[in-house]
Amino acid sequence: MKHAEALTTAQALAGYFGPACKWIEIAGSIRRGKPDVKDIEMVCVPDNTPPEKPKLEFGKPVPPTHKTKLDELAHRMVQAGDARMELNGDRLKRMYLKYAGIKCELFINIPPSEWGVQMVIRTGPSDFSHWCVTNRKFGGALPDGYFVKHQVVWIAEEMAKHDMPKNADKAIELLTDTNHLSMPEEVDFLNFLGLGWIEPKERVAKWNR
């Protein structure tokens, strides 16, 4: 899909999901301004206020209930035949947009994930993202003594990497005031890497090998 069409589709999606989010941004190749876009990537902070429970009507099937407004809106898209849900997780929703003929990945930024780290990783490109989370002793940009897991910059002296659970929900229980660094904005993570702000279209990995 050409960039202009993909951007218009992504903006419409952001408007659709916006009421269910505190914040939502377009990421991936659209944000980097690539001429041809293979899929739509977006990052959001959801509004986790539970939606109103649907009213029961006599003689009609019991309507589904949803944990969040985001779940409810995604379900409506599927029910309307506008999308096919391929993965419906709490942290990632992957759907194929039938009306546009393109896949969309919605990355849901919930704890322990830090927005600043998430946006750098999801903006890409993939080689740049990998470089950013690889320690300098291995040729990457990440200062030694730290590691990134679940979109969190952990301090290795305080938290051993091999003790980090694969499940992000379990990692929440390990968070303390002293074992990780706060990265509320994208520029915070880029500054920590010693890169300063880099426009998305200019992000290139510089492996030191």
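Annotations
- Considering only residues in the range 30-52 that are crowded, with 21+ Cβ neighbours inside 10 Å and over 14 Å from the mean Cα position of the chain (by Cα), the one that is farthest from Ile102 (Cα to Cα) turns out to be Ile30.
- Within the range 132-167, the set of residues being in contact (Cβ under 8 Å) with a residue 40 or more places away in the chain, closer than 13 Å to Phe189 by Cα and in contact with a Phe, Trp or Tyr (Cβ under 6 Å, 6 or more places away or on another chain) comprises just one member, Ala141.
- Contact annotation: residue pairs with Cβ atoms under 7 Å, 6 or more positions apart or on different chains, pairing a residue in the range 182-201 that is more than 21 Å from His150 (Cβ to Cβ) with a partner that is basic (Lys, Arg) and at pLDDT 95 or above, are Pro200/Arg31; Pro200/Arg32; Lys201/Arg32.
- Residues satisfying the stated conditions in the range 144-158, i.e. in a loop (DSSP other than H, G, I, E, B) and in contact with a Ser or Thr (Cβ under 9 Å, 6 or more places away or on another chain): His150, Gln151, Glu158
- Search result, residues across the range 189-209 that are outside any loop (DSSP other than H, G, I, E, B) and either of a type in the set (A, V, I, L, M) or under 18 Å from Arg32 (Cβ atoms) (or both): Phe189, Leu190, Pro200, Lys201, Glu202
- Residues of the range 79-108 satisfying the condition of being under 17 Å from Thr9 (Cβ atoms), without any contact (Cβ under 8 Å) to a residue 60 or more places away in the chain and not in a strand (DSSP E or B): Ala80, Gly81, Asp82, Lys98, Tyr99
The values are calculated or read from the model by the stated rules, or taken from the named source; none is laboratory data. Since this is a predicted model, take the numbers as computed values, not measurements. Please note: Cβ atoms are built from the backbone with ideal geometry, for glycine as well, and neighbour counts cover all protein chains shown.
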